[in-house]
Amino acid sequence: MPVVILCGGQGTRLREETERVPKPLVDIGGRPILWHIMKLYEHYGARRFILCLGYKSWDIKEYFLTYREHLSDLVLQPGADGGPEFLNDLGNERWTVTCAETGLLTGTGARLQRVRQYLDTDTFMFTYGDGIGSVDLARLLAFHYEQGLVGTVTGVHPSSRYGEMRVDGTMAHEFNEKPTRPEGFVSGGFFVFQREVLDYLDDDPELMLEHHPLRNLARDKQLAVFSHEGFWKGMDTYRDYLELNQLWDAGDPPWKVWS
């Protein structure tokens, strides 16, 4: 089953890093957030990835073209024929990575439309290249099959950056500094779709998946919500980048379920 990952956005709110690299290559603990996302999927058995590229697409292609060289100890003989001699087994993930050029300014729905020729299964998974969480992807997939609908989205409780007050009249009844689990759900990405979702797309290069396609799925009662109560965080700003790196540096990042 392929996993489609959106990797084409410009990441303007994280300009401190995305001036240098595309957002999916912004690092957490020395590895791109894209690597963390792919390791999460790999933990649950995924091996096939379709990357929807756009902004600084060559950087992402180059990362995978030289993936093993980046991670491994090696011996080089520049004047000799043949490639490097690798001294350890780092960088030997059994991944198949399709790098698809989907346009610089293309909308998220249009990017999915432009990789439809690479989707050769009835069911596929889909996510963004800038969000990570401790999502149980096996349970997500099982839930999707149980619902029997076209799509399933993972609902998460986003962390808040602001103090929350419960007010009774003119008095503060309760005050919580930056509650970690505010009420309500937002989309955390980590979708599962049937191929029928492609019928909700069109050829508009500005088509956003989050607009008409998902709204129409919900209208048609074809979009289930998988509730994820654990850790999730999007890397939208420099502050998010710092917080994710702090979690990694602390030694027990909540999304690292692989060994």
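The values are calculated or read from the model by the stated rules, or taken from the named source; none is laboratory data. Note that the coordinates shown come from a computational prediction; the quantities given were computed from them, not determined experimentally. Cβ coordinates were reconstructed from backbone atoms using ideal geometry, including for glycine residues, and neighbour counts include every protein chain displayed.
Within segment 114-141, count every residue that is in contact with a Gly (Cβ under 9 Å, 6 or more places away or on another chain) and closer than 19 Å to residue 187 by Cβ. Going through segment 114-141 one residue at a time, the tally reaches 12.
Residue under question is residue 190, and the condition is that it be crowded, with 16+ Cβ neighbours inside 10 Å, at positive phi and either at pLDDT 95 or above or of a type outside the set (Val, Ile, Thr) (or both); does it hold? So residue 190 fits the description; yes.
Evaluated against (1) of a type outside the set (Lys, Arg); (2) surrounded by 14 or more Cβ atoms within 10 Å (Cβ to Cβ); (3) out of contact with any Gly (no Cβ under 8 Å at 6 or more places or on another chain); (4) not in a helix (DSSP H, G or I), residue 35 falls short on exactly one condition, (4). Suppose the filter is of a type outside the set (Lys, Arg), surrounded by 15 or more Cβ atoms within 10 Å (Cβ to Cβ) and either without any contact (Cβ under 8 Å) to a residue 24 or more places away in the chain or over 26 Å from residue 253 (Cα atoms) (or both); does residue 58 pass it? Taking the combined requirement at face value, the residue does not satisfy it.
Exactly one residue out of 45, 9 is in a loop (DSSP other than H, G, I, E, B) and at pLDDT 95 or above: that is 45.
Residues in segment 28-44 that are without any contact (Cβ under 8 Å) to a residue 12 or more places away in the chain and farther than 16 Å from residue 127 by Cα: 2 in all. If you take the residues in segment 160-187 that are part of a strand (DSSP E or B) and closer than 14 Å to residue 227 by Cα, which one is modelled with the lowest pLDDT? Here the residue is 186.
For residue 236, are the conditions met, namely being at pLDDT below 95, outside any loop (DSSP other than H, G, I, E, B) and either among the small types (Gly, Ala, Ser) or surrounded by 13 or more Cβ atoms within 10 Å (Cβ to Cβ) (or both)? Considered against the rule, which asks whether it is at pLDDT below 95, outside any loop (DSSP other than H, G, I, E, B) and either among the small types (Gly, Ala, Ser) or surrounded by 13 or more Cβ atoms within 10 Å (Cβ to Cβ) (or both), residue 236 comes out as no. Scanning segment 197-231 for residues that are under 20 Å from residue 105 (Cβ atoms) and surrounded by fewer than 16 Cβ atoms within 10 Å (Cβ to Cβ) gives 202, 203, 204, 205, 206, 208, 210, 211. Scanning segment 17-43 for residues being under 12 Å from residue 235 (Cα atoms), charged (D, E, K, R) and more than 13 Å from the chain's Cα centre (by Cα) gives a total of 2.
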